[in-house]
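Please treat every number below as a calculation from the coordinates, not as lab data. Everything numeric here is computed off the predicted structure, so don't read it as measured data. All Cβ positions, even for glycine, are placed from backbone atoms using ideal geometry, and neighbour counts span all protein chains on display.
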Amino acid sequence: MAKIWWKGCVVLLALNTPLVAQSFQIDPQILYDSQNGPRASAMGGAYTAIANDATALSWNPAGLPEIKETRSFISSSLVFGDLEITPPQQSANNKTYRASRAESFSLDYIGFIIPLPLEKTNVVSSVAVRNLADLNDEYTISTVDNGTNSSVDSTFKSRGGLFTLSAGLGVEVIKDLSLGTSLNFISGKKDFRRQASTNVSNNKIENWTSWENKYSGFSIDFGVFWRASNILCLGSKMTFPHKINFTDVSYTDSDNNKRELNADIYLKRPISFSYGLALQPARNLILAFDFNQRPWRKVILNMGDHENDRVYENAHSFHIGAEYTLVGKNYLLPWRIGFYTEPEQIFDYAAAEDDEKGEQVSSHFITGGLGLNTRKAQFGLSVNYQVLQYRSDFGVPLSPFDVKHSKFRINFGLEIII
């Protein structure tokens with residue numbers, strides 16, 4: 001009855017055992033590209049019409065010709081936050097609910113930019129390992145029955161990520177107009193574990209279940225970058241339709257019984273676009289606007305011999321960002337801010353029609369950061385604050401809980417100009 005697809009739509013799969021069908025998660029986060037790079041992240045992801053650093057493969061490969069020298073880049077992220085659960089009033093007197101979230105650390109991006117020595121045209125190549133989707137998350141929900149003094153602690157732990165080995169090329173076809181493409185070899189894995197600890201009369205009972213799988217696939221990005229004037233730049237990136245395959249899927253229970261799922265599982269991701277506009281009204285000021293078109297209603301999920309469409313809802317998003325640079329004698333000090341909203345695959349509780357999904361809810365992001373640029377190096381730091389609120393019945397019909405996720409993501413990166 002819960003009206004959320006928390007970290008994925010749960011699909012029931014019949015295993016080749018006499019046991020009851022188990023549930024396997026398809027995490028929709030694998031459809032959302034991570035915010036690679038502290039500069040782009042601090043500007044709210046409004047970067048399609050800028051993309052002039054070593055993270056161009058993530059945002060718009062057509063921005064590569066804007067780079068004139070060989071560069072290397074590395075960035076990482078630290079994520080932490082809170083999870084709050086407010087129960088309905090009628091259950092507040094007999095039960096207490098607590099929730100907590102653990103922090104995680106991940107390597108986001110390692111890349112190299114190499115201009116090619118061609119005289120008549122500007123051609124720049126790039127290769128990178130990118131974290132497309134950070135799947136690391138861990139949170140615990142504790143329920144204490146004040147009448148019986150019994151308690152249940154449920155921990156949900158996800159580890160893994162979706163990565164690509166990407167190779168790209170950008171070409172300035174005519175003055176101020178560039179085209180670019182990248183080839184992305186997708187791989188990765190995810191381990192998901194649910195552990196429940198029940199304490200009744202000082203007797204503690206623990207059980208757990210876990211799913212694990214690997215990812216594979218291949219995608220192509222194509223970009224356009226146009227410097228229309230000294231003030232205006234326009235950019236667009238298109239990601240062609242492709243499949244994300246799930247392989248080596250297995251389920252393990254608390255008795256260490258492991259079962260492998262022999263089924264052809266994949267997501268067909270439709271074509272998606274990002275459109276960007278960047279303005280430079282003053283020498284030290286940049287304003288940027290992006291629109292990401294994500295038609296997830298056209299996602300197709302294949303489970304064995306069955307294809308299902310409309311598994312997800314659309315997730316179009318708007319992004320705005322700004323950068324103001326302070327100029328020193330031997331350095332630049334850019335300050336950045338941004339904001340964007342992103343529809344999630346989570347749905348509010350629908351009291352009027354409790355057998356249907358409610359309204360789709362969105363995360364709201366406030367972003368900011370700064371950089372330090374010298375002739376040979378560029379250091380960046382960004383902070384993203386995410387708020388997600390919705391109502392869920394949590395298995396208690398007609399008694400929705402208020403749920404609030406607050407998450408911080410600190411991204412830091414270093415770019416070396418060789």
Specify the residue with the greatest mean-square fluctuation among 29, 89, 345, computed from a Gaussian network of the chain linking alpha-carbon atoms under 10 Å apart. 89
Just need the relative contact order of the chain here, percent rounded to a whole number, with Cα pairs under 8 Å and 6+ apart. 19 percent
First select every other residue whose beta carbon is under 11 angstrom from the beta carbon of residue 225; then total the charges, Lys and Arg +1, Asp and Glu -1. -1
Scan of the chain for GluC sites (Glu not before Pro) in DSSP loops with at most 15 other beta-carbon atoms within 10 Å gives a longest site-free stretch of 120-352
How big is the stretch 42-135 on each of its three principal axes, counting only the C-alpha atoms and giving the largest first in Å? 77, 23, 16
In whole Å and largest first, what semi-axes does the C-alpha gyration tensor of the stretch 9-417 yield when each eigenvalue is scaled by 5 and square-rooted? 42, 24, 19
Pseudo-spin-label distance residue 95 to residue 208, built 7 Å along Cα→Cβ, given in nm, is 2.4 nm
Do the alpha carbons of any pairs in 190/376; 120/243; 214/298 sit beyond 30 Å of each other, and which pairs? 190/376; 120/243
For every helix of n ≥ 4 consecutive DSSP H residues, a contribution of -39,500 (n - 2.57) applies; sum these over the chain, divide by its total residues, and give [θ] at 222 nm rounded to the nearest 500 deg cm²/dmol. -500 deg cm²/dmol
Per-residue HN-Hα couplings for the stretch 114-121, Karplus 6.51 cos²θ - 1.76 cosθ + 1.60 at θ = phi - 60°, whole Hz, x for Gly and Pro? 9, x, 9, x, 10, 7, 8, 8
Let me know the longest stretch in the chain that avoids all trypsin sites (Lys or Arg not before Pro) found in a DSSP loop with at most 16 other C-beta atoms within 10 Å. 176-282
Work through the residues other than residue 60 whose Cβ is under 9 Å from its Cβ and net out their charges, Lys, Arg +1 and Asp, Glu -1. 0
Sort the stretch 132-271 into rounded, prolate or oblate with this rule: let a ≥ b ≥ c be the square roots of the eigenvalues of the Cα gyration tensor; rounded if a/c is under 1.5, and if a/c is not under 1.5, prolate when a/b is larger than b/c, oblate otherwise. prolate
Prolate/oblate/rounded label for the stretch 273-378 (Cα gyration tensor, a/c 1.5): prolate
Compute, for the stretch 237-356, the length of the dipole vector about the Cα centre, with Cβ point charges of +1 (Lys, Arg) and -1 (Asp, Glu) only. Units Debye, rounded to 20. 1200 debye
